[in-house]
Each structure stands twice: as C-alpha cells, then as structure tokens.
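Single-structure report; data block below.
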C-alpha cells in the first residue's frame with residue numbers, strides 16, 4: 001500500500017502526487033521506492049498516454065531530500081541512496097510517454113532533480129527552484145549536475161550549483177528550466193496532455209527514445225538512432241493512417 005504517493009487516472013492521463021505535505025513533500029527512501037514501483041507498473045500500459053508528477057498542496061512540489069534521513073548516512077549509505085535516486089530518475093527520463101512535472105512552489109535539491117528528469121516542466125508563478133546542496137557541504141546526487149548542465153549549459157549550471165541561489169519562476173523560464181509559467185500548473189498540464197494524446201502513441205514513443213538515447217552517444221551516432229526509429233514507423237498502421245488522413249484532408253484515427 002502506498003503511504004506517500006497518490007495516483008489519479010483521468011481518462012488516459014496518470015497524475016502522480018507526492019503526498020508528504022507536512023514535510024513539504026521531501027524525498028526519502030520510502031517515497032523513492034513507491035514512486036519507482038508506480039513508474040515501472042505503468043510503463044507499458046496502453047491506456048496511459050501521459051504522466052504528470054506533482055506535489056501535494058501549493059507550498060512545494062518537492063522541497064528536497066529528507067535531511068533527517070540523510071544526516072546519519074555513511075558514504076556507503078550515500079552511494080546506495082544516490083544509486084536509488086539515479087536509477088529512478090533514469091526510468092522517468094526514459095519513460096516512453098511524455099512526463100510532465102507540474103511544479104507548485106518549492107522544487108529544491110532532489111525536488112529539482114526530479115523535475116529535471118521529467119520531459120516537460122510547467123511551474124507556478126510562486127515556484128522557487130534551486131540546487132542548494134553545497135550550502136550543506138554536499139552536491140546533487142540524483143543526476144542533477146548532469147541534467148542541469150544539459151538543460152542550461154555549463155556556465156549557468158556552475159553558477160546555480162556553486163552559489164546555491166534560489167531561482168524565481170521568471171528566471172527559470174528564461175534559463176530553459178521551465179517550459180511555461182502557469183496560473184494552475186495541474187490544469188494546464190492536463191490540457192497539454194489532452195493535446196498530446198490525440199497524436200500517435202508509437203510515434204511519440206519513438207520520438208522520446210530518439211531524443212533521450214541521442215544524449216548518450218556522440219552527435220553523429222545520434223543520427224543513426226533517429227534513422228532507425230524513423231524508418232521503423234513506416235511499418236506501423238499509425239503511419240499509414242496518419243499520412244492517408246493528411247491526403248484525405250481528415251483527422252487521423254490512430255489505432256491506440
């Protein structure tokens with residue numbers, strides 16, 4: 001039974017809510033375990049077109065990792081904990097359907113690392129983002145150094161991490177940390193998911209695979225990944241239906 005995570009399937013959109021509002025939805029080992037279970041369980045379900053990950057309440061998406069839990073870690077404990085977070089966030093990043101972080105309030109430390117692992121970030125006007133670990137004598141441990149650099153560039157990433165500064169919504173959007181500033185992050189995330197769900201699921205899966213896998217190889221090898229995934233789609237019913245619908249000047253009716 002999940003104690004720290006709530007799920008709500010709204011038609012073909014799965015909303016996952018981290019539910020520790022008394023702790024500002026801070027991540028601990030139990031939360032990571034529950035979230036991993038949900039991600040794996042729903043990875044291949046055809047009725048799910050999008051995931052939305054959010055935090056309970058308006059104060060915080062996830063305010064960070066649970067420092068009370070971490071304060072007693074040995075280096076061996078830290079390695080295990082870091083690996084657990086990295087493996088989970090890699091699962092989210094490689095999820096075959098769009099994953100949206102609906103960021104309400106604070107997204108700090110592990111909370112921002114979680115948001116960075118999501119494909120799209122919609123944030124509230126009162127959102128505060130940051131990776132302030134150096135102020136605790138630490139660094140991000142769930143892949144945050146790598147993902148932040150990939151998204152905002154090396155110089156911006158070094159400034160954000162070494163200054164431990166908090167980033168307001170407007171600045172986050174300018175840096176590319178946020179796709180959009182929203183009046184209501186969850187409602188607007190759901191609206192985006194509804195638009196996405198009208199398109200071909202298998203094409204979306206291949207697009208995400210090409211984009212994510214391409215980050216892990218050199219630039220020219222990434223073209224081979226795209227080439228293979230592009231050509232595979234010509235054997236699918238969705239591609240035949242999509243192109244025929246275009247020629248017929250009608251809306252496509254995709255298989256799934």
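General remarks:
- Among the numbered conditions (1) modelled with pLDDT under 95; (2) within 30 Å of residue 65 (Cα to Cα); (3) not in a helix (DSSP H, G or I), the only one that residue 142 does not meet is (1).
- Within the range 79-109, tally of residues that are part of a helix (DSSP H, G or I) and under 17 Å from residue 129 (Cβ atoms): 1
- Just one of the listed residues (107, 102) is in the same structural domain as residue 35 (by TED's automatic domain parsing), crowded, with 24+ Cβ neighbours inside 10 Å and closer than 25 Å to residue 12 by Cα, and it is 102.
- Test: residue in the range 28-36 that is out of contact with any strand residue (DSSP E or B) (no Cβ under 7 Å at 6 or more places or on another chain) and either part of a strand (DSSP E or B) or in contact (Cβ under 8 Å) with a residue 60 or more places away in the chain (or both): no
- Sole exception among (1) surrounded by 15 or more Cβ atoms within 10 Å (Cβ to Cβ); (2) closer than 30 Å to residue 106 by Cβ; (3) more than 21 Å from the chain's Cα centre (by Cα) for residue 160, by number: (3)
- Subset of the range 110-139 that is touching a strand residue (DSSP E or B) at 6+ places or on another chain (Cβ under 7 Å) and either at pLDDT below 95 or part of a loop (DSSP other than H, G, I, E, B) (or both) - its residue that is surrounded by the most Cβ atoms within 10 Å (Cβ to Cβ): 127
Table: residues versus (1) in a helix (DSSP H, G or I); (2) surrounded by fewer than 15 Cβ atoms within 10 Å (Cβ to Cβ); (3) modelled with pLDDT under 95.
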| site | (1), (2), (3) |
| --- | --- |
| 170 | yes, yes, no |
| 215 | yes, yes, yes |
| 240 | yes, yes, no |
| 254 | no, no, yes |
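- Qualifying residue in the range 68-78 (condition: part of a loop (DSSP other than H, G, I, E, B) and within 28 Å of residue 191 (Cβ to Cβ)): no
The values are calculated or read from the model by the stated rules, or taken from the named source; none is laboratory data. Small disclaimer: the values here were computed from a predicted structure and weren't measured. Quick reminder, even Gly has a Cβ in these numbers, built from the backbone with ideal geometry, and neighbours come from all protein chains shown.
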